[in-house]
Amino acid sequence: MNQLDLQISRLNPTQLQAVTLPAQSALVLAGAGSGKTSVLTTRMAWLISTGQVSPQGVLAVTFTNKAAKEMMTRLSGLLPINTRGMWVGTFHGLCNRFLRAHYRDADLPQTFQILDTADQLSSIKRLLKALNIDTEKFVPKKVQQFINSAKEEGRRAKDLDAGDYYQKKLVEIYAAYDAQCQREGVVDFSELLLRSFEVLSRNEPLRAHYQARFAHILIDEFQDTNGLQYAWIKLLAGAQTALMAVGDDDQSIYAFRGAKVENMRLFEREFAQQNLIKLEQNYRSFGHILDTANHLISQNGNRLGKELWTDKGHGEPVRVYEAANDLNEAQFVVEEIKAQVNEGGVRREMAVLYRANAQSRVIEHGLFNAGIPYRVYGGLRFFERAEIKAALAYLRLLDNPHDDTAMMRVVNFPARGIGARTIELLQDAAKLHGCSMWAAVPHATGSGAAKLLGFMRMIDALRFDTQHLPLPELVDHVTTHSGLIAHYTLDKEGADRIENLNELVNAAAAFTQIEGHKIDATAIDAGDDNTVMTPLSGFLSHAALEAGDNQALAGQDAVQLMTVHAAKGLEFQTVFILGLEEGLFPHENSLSEQDGVEEERRLMYVAITRAQHRLYITLAQQRMLHGQTRYGVRSRFLDELPEASLKWLTPRTSSFNAWDNTANSAPAPSFGSYKKPQSDTLGFRSGQSVHHAKFGDGVIVKLEGSGEDTRAYVNFGGAVGIKCLALNVAKLEVK
């Protein structure tokens, strides 16, 4: 029995149905831990092995480079074929490949470079300065969000309605930004997809070519697609193309990035027809954990609907701990971690999840004091470190000297006497002559002109000296002869930065090894479309697209700390979910947004389903956040969990302690010194019939009128106040 037959024999009936589906479109609703990666890769291998499609006739889209690499590795293990040239990757990676192959159709230079998020922001700041625009009124990050949001909706500046002056100015900035990027030969992440979409939209022969080529398109994490990504997929799908979308609407948690969970329902109507396959058997978690997740998510409406189950048994109950304050909450987590380690538990298989980054401080402090190693997942990534970005900027100038963003980063770093005034004059010359800053250097005036020419000669010399060097030696030469190594040698804290620069050389060597026979001293095959890139161009694209994927790990066994958003796609033996308080989880920002609480519930669902064996949920009656003490009311999500699956480790108290002056002789406290509230943090739950409630140290809220929609919020961070979100509350006051 070969590897593919062995893999197929291990599939459950529903997985087998998805893998062996005829050449038809289908929506696969894949629950957490249901083996969707196995289904996707086995489906691809089965299609190829049965002769239904060639490796070049498959397009597979993932959301992370890690997932794409895992898919290719598994596919190589199942089939004795050369997977090189297969179109498997992220939206950005595949669009980059498409534009490299059709750069003329896209009106781009062959050596176009990719701006990451930080470089894009720098480019926007530079543009605003050149246009003499007030950056306090037009904040660069807000401008960046406006541009990216428009691009993700598939709209150029000319497509936008400019209502008031502010909107009109934003549209003008967007148009100027597009012109600047075009002049410099650079594209940002959103541009990769939009430019690809535009080329396919207007070029019918090219579109017909790809539609005929890709007989099968498979999309992973479909619930995270935005409108433009879905539109791009539909352009590539011909009349005979079989689309398989795999996702989970219950794990759609990226609306703030533009993801549209409704794409799954659109796809079902437009493509899937009768082929809705539900992968509900979970191979990750025990029964109590899954029952908890199922019960919670059932509160959401407009679901496609599924229920996770396992044959592993119920396992341990979900433990709930209510602490007096956040310090006690952290101490509880620390003690539980220590106990599990003493029993042979592995720290790296323990994760502490929180809704807001600010929550990490107390738990970090507790772990530090206990001498427990920990790692904050999602910290500063390798390719985002300042010294690495400087080295990459030099490399980008070697590859494309007209990249103004790269030039701005290093023209005076390390310092070479090129001041702000000189750079400003150079920018003016570039604007006057309609060219890049590099091309404008011969036109530069002022005392710094000679130093600019010296910088240009240095870059030209680096390019000449490295033109025949293998990629790792090229990178090593540039980091040394650009002056970066010498600069950080003089820095008393520069040892770590030098190690990082040396690691960049290692990254270049690893890239060369990964690409294998595709690389020689002068060229790299970008795929199977007769497109040729230099090894340096390929490495720079790799650095931009895969930033952080190969970040170095210390190797020490450490507890993992992260936000719930960062935890998506991961799994751990033991999971702690902190801060189940109203206003924190669900977050207060979600309470005023349409479908905000439903997305928060999906986020909680994601957190619960990260746990394999043991799950803890904690809350604190009092918490210090953003310098303020907040008194917690138990999250509504706790009331939505099945009692049969929970084990309360502390006496369970009501979220609302009934209090009435007629039954209590204590006088009502005075709140004359309190000021107007700034935000809303605490809440009455819908349907509560409580008319008096007591919070913390005698803070009393009187609520007259009740009903299913009754809700009020109180802030105790130096203020007391009420915001009523109810439709039918007769009277609400603070006494």
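Partner aspartates and glutamates whose Cα lies under 16 Å from the Cα of Lys312, excluding those fewer than 8 positions away in the same chain, are identified as Glu280, Asp291. Largest accessible area first, the residues Val139, Val28 order themselves as Val139, Val28 under a 1.4 Å probe with ligands, DNA and RNA left out.
Once you list every other residue whose beta carbon is under 15 Å from the beta carbon of Gln229, what net charge do they have if Lys and Arg are +1 and Asp and Glu are -1? Net of charged neighbours comes to -3. Phi-derived couplings, Karplus 6.51 cos²θ - 1.76 cosθ + 1.60 at θ = phi - 60°, listed residue by residue for region 15-22: 4, 4, 4, 5, 5, 9, 4, x Hz, with x used for Gly and Pro.
Relative to the Cα centre, the charge distribution of region 232-301, modelled as +1 at Lys and Arg Cβ and -1 at Asp and Glu Cβ, gives a dipole magnitude of about 220 debye.
Work out the length of the dipole vector of region 1-133 about its Cα centre, built from +1 on the beta-carbon of each Lys and Arg and -1 on the beta-carbon of each Asp and Glu, and round it to the nearest 20 debye. Dipole of region 1-133, to the nearest 20 debye: 260 debye.
Across region 200-205, rounded Karplus estimates of 3J(HN,Hα) from the backbone phi angles (6.51 cos²θ - 1.76 cosθ + 1.60, θ = phi - 60°) give 5, 5, 8, 10, 5, x Hz, Gly and Pro being marked x. Ellipsoid fit via the Cα gyration tensor, region 372-434: semi-axes of 32, 13, 10 Å, each the root of five times an eigenvalue, largest first. The calculated FRET efficiency for the pair Leu131 and Val346, based on their C-beta separation and a Förster distance of 51 Å, comes to about 0.40.
Note on region 1-91: along the principal axes its Cα atoms extend 32, 30, 23 Å, ordered by decreasing extent.
Below 13 angstrom from the Cβ of Gln144, what's the summed charge of the other residues (Lys, Arg +1; Asp, Glu -1)?
Numbers: positive: Lys125, Arg126, Lys141, Lys142, Lys151; negative: Asp116, Asp119, Glu152, Asp188, Glu191.
Computed value for this residue: 0.
What pairs from Lys69/Lys142; Lys36/Lys151; Lys125/Lys168; Lys66/Lys568; Lys389/Lys431; Lys36/Lys647 go past 24 Å between their alpha carbons? Among Lys69/Lys142; Lys36/Lys151; Lys125/Lys168; Lys66/Lys568; Lys389/Lys431; Lys36/Lys647, the Cα-Cα distance tops 24 Å for Lys69/Lys142; Lys36/Lys151; Lys389/Lys431; Lys36/Lys647. Computed from Cα atoms alone, the Kirkwood hydrodynamic radius reported for region 113-192 is 12.6 Å. Note on region 251-308: with neighbouring protein chains present and a 1.4 Å probe, carbon and sulfur make up 41 percent of its accessible heavy-atom surface.
Here the peptides 54-67, 605-618 are ranked by packing, the mean other Cβ count within 10 Å, and the order with the highest first is 605-618, 54-67.
Here the Kirkwood formula puts the hydrodynamic radius of region 197-313 at 16.1 Å, using every distinct Cα pair.
For region 235-335, the solvent-accessible area of protein heavy atoms averages 42 Å² per residue (probe radius 1.4 Å; ligands and nucleic acids excluded). Remark on His216: its backbone amide H falls under 5 Å from those of Leu59, Ala242, a criterion applied only to residues 5 or more positions apart or on other chains, H modelled at 1.01 Å from N. Relative to its Kirkwood radius, the Cα radius of gyration of region 402-484 gives an Rg/Rh of 1.00. Taking only the Cα atoms of region 323-394, the radius of gyration and Dmax are 16.1, 54 Å.
The values are calculated or read from the model by the stated rules, or taken from the named source; none is laboratory data. In this text the structure is predicted, and so the values were computed from the model without any measurement. All Cβ positions, even for glycine, are placed from backbone atoms using ideal geometry, and neighbour counts span all protein chains on display. Side chains are part of the model used for accessible areas, which takes the heavy atoms of the whole protein and leaves out ligands, DNA and RNA. Shrake-Rupley method; radii C 1.70, N 1.55, O 1.52, S 1.80 Å.
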